[in-house]
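First the structure, in the form of structure tokens, and then the observations on it.
The values are calculated or read from the model by the stated rules, or taken from the named source; none is laboratory data. Note that the structure is a prediction, hence the values are computed from the model and not measured. Quick reminder, even Gly has a Cβ in these numbers, built from the backbone with ideal geometry, and neighbours come from all protein chains shown. Accessible surface areas use protein heavy atoms only, side chains included; no ligands, DNA or RNA. Shrake-Rupley method; radii C 1.70, N 1.55, O 1.52, S 1.80 Å.
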Amino acid sequence: MSESKVVLITGASGHLGSVIAQVCAEQDWSVAAHYRHSSQRAENLVEQLRSDGADAISVQADLRPARRLHLRQPGRRLHTR
């Protein structure tokens, strides 16, 4: 049984992300192309990868960190921004 290789490329709708997605697809990786706002560019990339024979999907998500994350540890409270 062969295992499929899947890669999530964050920012795939940008120039560097799209190049990385293309290289991965050429190496027989299935590509999940992430975008936050640029849905048309991500869809164009996915169409291009598919036309070249790759397995690809686009994935919309806002991956920015929360403005403030509260972590509790016994006896203290940590804040990160």
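Taking a Cβ cut-off of under 15 Å around residue 8, the surrounding Lys, Arg, Asp and Glu residues balance to a net charge of 0, with basic ones at +1 and acidic ones at -1.
Solvent exposure of residue 39, expressed as accessible area, is near 50 Å², computed with a probe of 1.4 Å over the protein chains only. Legend: calculated FRET efficiency, residue 62 to residue 8, from the Cβ-Cβ distance at R0 = 22 Å, rounded to 0.05, equals 0.90. Extension gain for the segment residue 43 to residue 23, taken as residue separation times 0.36 nm less the Cα-Cα distance, is 5.5 nm to one decimal.
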